[in-house]
Amino acid sequence: MSDRAGKTLSERVGALRPNPVVNTGLSLAPFVVAFALAMVVDTVVGPLVGATWTEILLDVGIAILLAGSLNVVNGYAGQFSLGHAGFMLLGGYAAAWLTFYGSMKFFGTWEPVGGFLGSGQLLFLGGCMLGGLVAAVFGVVVGLPSLRLRGDYLAIVTLGFGEIARVLGQITARQPKNVEQVAERSWWDLADNLGGAEGFSQIPNYTRLFFVYLFVFILLILAYRLKYSSKGRALLAVRENEIAAEAMGIDTTRAKVSAFVMSAFFAGIGGALYAHRVGVLKPTELGFQKSIDLVIIVVIGGMGSITGVVLGAAILVILPELFREFSEYRMIAYALALVAVMLLRPQGIMGVKELWETSWWRKGVARLRGGKRGGA
Amino acid sequence: MAMLELDGVDVHYGGIHALRGVSLKVEAGEVVTLIGANGAGKTTTLRAISGLVRPTKGKVRFDGKDLTGVPAHQIVASGLVHAPEGRGIFSNMTVEENLDLGAFLRHDKTAVAKDREHALTLFPRLRERLAQNAGTLSGGEQQMLAIARALLSRPRLLLLDEPSLGLAPQIVATIFKIVRTIAAEGTTILLVEQNAHMALGVASRAYVLEVGEIVLQGPAAQLAKDDKIRKAYLGIHD
Ligand SMILES: Nc1ncnc2c1ncn2[C@@H]1O[C@H](COP(=O)(O)OP(=O)(O)O)[C@@H](O)[C@H]1O
Ligand SMILES: [Mg+2]
């Protein structure tokens, strides 16, 4: 009896451990789909809506990327992260370091070079990936110790992390701005030449609709697949009741840390896109206030809802644009809008549901179908 | 060898010394109850077994294997399942989603479907409410869901924490009847209760916990006759 029972323990532990490869659904399909959709946005939607709305769509896309990534931690797993702007800042620095100094060293200018997916843009894509990876590494460093514990440690640790990132950014060394100075220094020497409090400037302006929406669609597809996978269910269970989740056999630490790292990765990419859009990366702009702005988008959209966060990002970026004429009152209008949403819908616009899961969407679809049938 | 064995277990919560040298045994196929007043340390004992708190001293052995330091999610995989106190259900998820999470570690779809069917036969009220949010269930139904969900984790040893808590007497009776059925089907059960009367009725052996220490143990029928137990836990005088 002891023999049989003894085997069962190790066998079952080994055989039933969730397979991470299967669960994260790493396949090429999301990237191909995202590439195609991003091409459509860049070549069709952009020209269609004109220059002003293209600018707004860029901001909306970057906001979706940042809030959508935060949603994985804040929404799915219910862990409050207050340092998302810190990951953005790290990603922005890493990417700007690669593209600015890379451009100076390889192309002899900081201005964008090459056409669509030419050498300059490939360097920029490399910068985005580097930004994501650097942010993800710090995601492990910050997430692992704080997420091993139950409770609100993450909020406090990420708050500290965001502030440290900002302060360290402010005390980095001057940024050499001519080709000779850059050529003299090694990549390693340039690693802390990030412009200090004045910010890292002359970042080549590579961000365009294609790149923003490429990463937006990759994130949305991965977030969607995650939500309806068993790993996503595990995160929602952690959010609901961590002890019960543990009692179901969910490795809660692992679930939380992997969500946090994924979130940091996309925040890093968001920071890279932001830096190459604005052209200047100022640590003071990506402090606590920015982190709070991102939390607000998630809360307004609905914690855990992908379509909610897309809506929230769109609304919170576009609304202030519309109020631009009343410049001094617009922040008040913005604040009032937030209060109104929270009073009317404390769970956010969408709650944890997706657009197609809401009752009015279903009713609308049913009515459309009914109408068609009646007409035929 | 006993299926479950606690050997001199101590648990501290910060400065609070919640368990002192708790030793107990559960043999395969038994129903054993651990009774005690509020705050005696019953929940803490179950948490120490299922890995939700770490003993500061002593050993917990399941199938003869030391569980000290094994994370809770791996303990579940080995067939030791804890239905937490206060139901511990996922109240913003549907009954169905709760049941699915019970089978989180299992990939044998047909066996899961069979167990799910069986659980719903035991608790027909849950079948009618599969699409309902678990938070909107009555207290009794939530307790039924907690047990049904635990069954989907395929326990060999089921830890039940106060299934009668806050429930009306006839619902308690229903739930205890089902606990008996589950035991008869071969699941070993460690039942924690304040309701000593019901607990001593289903269990074959019992332990009495007072302020973190086991003060009495023996066959349930014998403890039910014990004067001290009758006075302290059954509310019977003379
Ligand atoms: N998480 C905790 N932190 C601190 N003290 C706790 C915690 N949980 C339980 N205790 C204390 O440990 C003792 C035993 O509690 P518990 O095991 O819940 O008792 P029971 O389940 O028998 O009512 C009590 O004094 C309680 O206050
Ligand atoms: Mg208790």
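Out of curiosity, is B:Q132 within 23 Å of A:S229 (Cα to Cα) and surrounded by fewer than 15 Cβ atoms within 10 Å (Cβ to Cβ)? Considered against the rule, which asks whether it is within 23 Å of A:S229 (Cα to Cα) and surrounded by fewer than 15 Cβ atoms within 10 Å (Cβ to Cβ), B:Q132 comes out as yes. Within region B:26-57, restricting attention to residues that are more than 15 Å from ligand 1 (Cβ to nearest atom) and more than 16 Å from B:Y13 (Cβ to Cβ), the residue that is surrounded by the fewest Cβ atoms within 10 Å (Cβ to Cβ) is B:G29. Only a single item in (1) buried (at least 19 other Cβ atoms within 10 Å of the Cβ); (2) modelled with pLDDT of 95 or more; (3) not in a strand (DSSP E or B) is not met by B:T181, and it is number (1).
Would you tally the residues in region B:41-85 being more than 16 Å from ligand 2 (Cβ to nearest atom) and not in a loop (DSSP other than H, G, I, E, B)?
Taking region B:41-85 first, the residues more than 16 Å from ligand 2 (Cβ to nearest atom) are B:51, B:54-81.
Among the residues that remain, those that are also not in a loop (DSSP other than H, G, I, E, B) are: B:57-62, B:65-66, B:72-77, B:80-81.
Total satisfying the criteria: 16.
Going by the structure shown, is B:A146 under 27 Å from B:V11 (Cα atoms), away from every other protein chain (no Cβ under 14 Å), within 16 Å of ligand 2 (Cβ to nearest atom) and not in a strand (DSSP E or B)? If you could, list the steps in order and put the result at the bottom.
Details: under 27 Å from B:V11 (Cα atoms): yes; away from every other protein chain (no Cβ under 14 Å): no; within 16 Å of ligand 2 (Cβ to nearest atom): yes; not in a strand (DSSP E or B): yes.
Considered against the rule, which asks whether it is under 27 Å from B:V11 (Cα atoms), away from every other protein chain (no Cβ under 14 Å), within 16 Å of ligand 2 (Cβ to nearest atom) and not in a strand (DSSP E or B), B:A146 comes out as no.
I want to confirm something. Restricting to region A:239-257 and keeping residues that are β-branched (V, I, T) and open to solvent by 30 Å² or more (accessible area, probe 1.4 Å), which single residue is nearest to the other protein chains (Cβ to nearest Cβ)? Checking each candidate, the answer is A:I243. Of everything in region B:203-217 that is open to solvent by 20 Å² or more (accessible area, probe 1.4 Å) and farther than 18 Å from B:A48 by Cα, the residue that is farthest from ligand 2 (Cβ to nearest atom) is B:S204. Only a single item in (1) assigned to a helix (DSSP H, G or I); (2) crowded, with 21+ Cβ neighbours inside 10 Å is not met by B:L191, and it is number (1).
Select from region B:78-96 the residues that are within 7 Å of chain A (Cβ to nearest Cβ), surrounded by fewer than 23 Cβ atoms within 10 Å (Cβ to Cβ) and either closer than 18 Å to B:R156 by Cα or of a type in the set (D, E, K, R) (or both) and list them in ascending order. B:G79 - this is the single residue of region B:78-96 that is within 7 Å of chain A (Cβ to nearest Cβ), surrounded by fewer than 23 Cβ atoms within 10 Å (Cβ to Cβ) and either closer than 18 Å to B:R156 by Cα or of a type in the set (D, E, K, R) (or both). The one condition from (1) more than 22 Å from A:T207 (Cβ to Cβ); (2) crowded, with 24+ Cβ neighbours inside 10 Å that A:I171 does not meet is (2). From the set of residues in region B:162-174 that are surrounded by fewer than 19 Cβ atoms within 10 Å (Cβ to Cβ) and aliphatic (A, V, I, L, M), which is nearest to ligand 1 (Cβ to nearest atom)? The qualifying residue nearest to ligand 1 (Cβ to nearest atom) is B:L165. Of the helices (runs of 4 or more DSSP H) that lie entirely inside region A:228-296, those containing 1 or more residues that are modelled with pLDDT of 95 or more and touching a strand residue (DSSP E or B) at 6+ places or on another chain (Cβ under 7 Å) span A:252-278. Taking interchain pairs and intrachain pairs at least six residues apart, which have beta carbon atoms under 7 angstrom, with the first residue in region B:192-204 and more than 16 Å from ligand 1 (Cβ to nearest atom) and the second open to solvent by 20 Å² or more (accessible area, probe 1.4 Å) and not polar (S, T, N, Q)? Going by the 7 Å Cβ cut-off, the qualifying pairs are B:H197/B:L234; B:L200/B:A224; B:V202/B:R180; B:S204/B:E30; B:S204/B:P219.
For first residues located in region B:45-67 and on the phi > 0 side of the Ramachandran plot, partners that are among the charged types (D, E, K, R) and open to solvent by less than 30 Å² (accessible area, probe 1.4 Å) and lie 6+ apart or on another chain with Cβ distances below 6 Å form the pairs B:G58/B:D10.
The values are calculated or read from the model by the stated rules, or taken from the named source; none is laboratory data. Quick caveat, the model's predicted, so the values are computed rather than measured. Glycine also receives a Cβ, built like all others from the backbone with ideal geometry; neighbour counts cover every protein chain displayed. The protein model used for the area step is the full one, side chains on, heavy atoms only, and it has no ligands, DNA or RNA in it. Shrake-Rupley method; radii C 1.70, N 1.55, O 1.52, S 1.80 Å.
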